[in-house]
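Visitor: Below is one structure. I have some questions about it.
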Amino acid sequence: MSTMTPTRRARIIIADDESLIRMDLGQMLGQLGYEVVAEASDGRSAVELAKKLLPDLIIMDIKMPDMDGISAAGELARDHIAPVVLLTAYSENSLIGRAKDAGVCGYLVKPFRETELMPVIELALARFNELRDLEREVTDLKEALETRKLVILSDEELARVE
């Protein structure tokens, strides 16, 4: 078992079409101090569960029925639901490229060890939170800029009236 401890008890959804993988991963995550809030055997179910439960992180396999993990990750990233860590037996460049384009925050190649899980999870959580903070900052700056434009326009109109 790892000597690291998670920064907090993150709530995680596991999605893999192999029940044995889900069970093993769930045990590892529990031993590491994480809480598995749901499991799914296909990508579509994982997306639906994530939208309903709003977990801190989703760990999912790439090759699953109904919707593959990369497509599911893309949908979750677009909706800013939670970071996704892909767990897969495949490490081809084309899959890694698709994963990057989909906004995946971490990638673990099977077979993996328990000691590899926490660093990937903690980095994915940190990067996702940083991205969320940056998006909020951009939104705030855009609103401030629009307000400033309105103030400047109002001042110009007042100057014309005087």
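The values are calculated or read from the model by the stated rules, or taken from the named source; none is laboratory data. This is a predicted model, so every value here is computed, not measured. Neighbour counts are summed over all protein chains in view; Cβ atoms, including those assigned to glycine, are modelled from backbone coordinates with ideal geometry. For the accessible areas, the whole protein counts, side chains as well, though only heavy atoms, and no ligand, DNA or RNA atoms are used. Shrake-Rupley method; radii C 1.70, N 1.55, O 1.52, S 1.80 Å.
Visitor: When segment 83-97 is examined, which residues are found to be closer than 23 Å to residue 21 by Cα and either touching a residue at least 60 places away in the same chain (Cβ under 8 Å) or open to solvent by 30 Å² or more (accessible area, probe 1.4 Å) (or both)?
Guide: Initially, segment 83-97 is screened for residues closer than 23 Å to residue 21 by Cα, giving 83-92, 95-96.
Residues satisfying the conditions are 87, 89, 90, 91, 92, 96.
Visitor: Acidic (Asp, Glu), closer than 25 Å to residue 17 by Cβ, under 15 Å from the mean Cα position of the chain (by Cα) and open to solvent by 40 Å² or more (accessible area, probe 1.4 Å) - does that describe any residue in segment 125-133?
Guide: Here is the first cut: in segment 125-133, the ones acidic (Asp, Glu) are 130, 133.
After this cut, where a residue has to be closer than 25 Å to residue 17 by Cβ as well, the list is none.
Within segment 125-133, none of the residues are acidic (Asp, Glu), closer than 25 Å to residue 17 by Cβ, under 15 Å from the mean Cα position of the chain (by Cα) and open to solvent by 40 Å² or more (accessible area, probe 1.4 Å).
Visitor: Only one of (1) closer than 23 Å to residue 21 by Cα; (2) open to solvent by 30 Å² or more (accessible area, probe 1.4 Å); (3) not small (Gly, Ala, Ser) fails for residue 118. Which number is that?
Guide: (2)
Visitor: Residue check: is residue 61 open to solvent by 50 Å² or more (accessible area, probe 1.4 Å), of a type in the set (Asp, Glu) and under 21 Å from residue 91 (Cβ atoms)? Before you say what the answer is, go through the steps one by one.
Guide: Details: open to solvent by 50 Å² or more (accessible area, probe 1.4 Å): no; of a type in the set (Asp, Glu): yes; under 21 Å from residue 91 (Cβ atoms): yes.
When the stated conditions are applied, residue 61 does not pass them.
Visitor: For the subset of segment 7-36 comprising residues that are in a loop (DSSP other than H, G, I, E, B) and surrounded by fewer than 15 Cβ atoms within 10 Å (Cβ to Cβ), which member is modelled with the lowest pLDDT?
Guide: Taking segment 7-36 as the starting set, the residues that turn out to be in a loop (DSSP other than H, G, I, E, B) are 7-10, 16-18, 32-34.
Applying the additional criterion that residues be surrounded by fewer than 15 Cβ atoms within 10 Å (Cβ to Cβ) yields 7-9, 18.
On the way: 7: 55, 8: 66, 9: 86, 18: 92.
It comes out as 7.
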